[in-house]
Amino acid sequence: NTLLNISFIHYRQDLLDKTIKDVENAESAINFIVSGLEIPADAILAFKEAAERGVKIRALVQNIEETSKDMFRNWEKIGVKVKCFPNMEARIFIFDQKVVYFTSYDPMSKNIAIGTRFEYIPYAALMNDIFEEKWLLGKSIYK
């Protein structure tokens, strides 16, 4: 599809609702940069089921100080590879190099997530290249 499909994100719950649908439809890869806030059980289940379908899932987490090590262990148990990365004040999700989300992340207002969901392969591929660069620079959570 060469047309640009755009939708808008207005707050963190909106982001969670939309990304869960994309996780459920993912076929090969999900890469994301997130704040590190705890996520609800339905989101964890969607990621677990995606990993069980063979979807490769990797997360760069920005604020590991505010997140329990148990959450990271749980992510790894369900098949998500996790590294930490300095705060970029953004949340970014890339699904199958087809769909990309860009949303804000304000450490002082964590439930705010103003942003955009693009269903456009050129944008997703470009953001995935950037994710790959950041992934190489990411650090182990357990060091």
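The values are calculated or read from the model by the stated rules, or taken from the named source; none is laboratory data. Just so we're clear, the structure is a prediction, and the values are computed from it rather than from any experiment. A quick note on method: Cβ atoms are made from the backbone with ideal geometry, for glycine too, and the neighbour counts reach across all protein chains shown. The area values use the complete protein model at the heavy-atom level, side chains included, leaving out ligands, DNA and RNA. Shrake-Rupley method; radii C 1.70, N 1.55, O 1.52, S 1.80 Å.
Candidates in segment 78-111 are the residues that are of a type in the set (Lys, Arg) and either assigned to a strand (DSSP E or B) or at pLDDT 90 or above (or both); of these, the one that is nearest to residue 10 (Cα to Cα) is 91. Can you work out which of the residues in segment 10-37 that are within 11 Å of the chain's Cα centre (by Cα), at pLDDT below 90 and closer than 16 Å to residue 141 by Cβ is most open to solvent (accessible area, probe 1.4 Å)? Per the criteria, the residue is 34. Out of all the residues in segment 38-62, which are surrounded by fewer than 17 Cβ atoms within 10 Å (Cβ to Cβ), in a loop (DSSP other than H, G, I, E, B) and either small (Gly, Ala, Ser) or at pLDDT below 90 (or both)? 38, 40, 54, listed by residue number.
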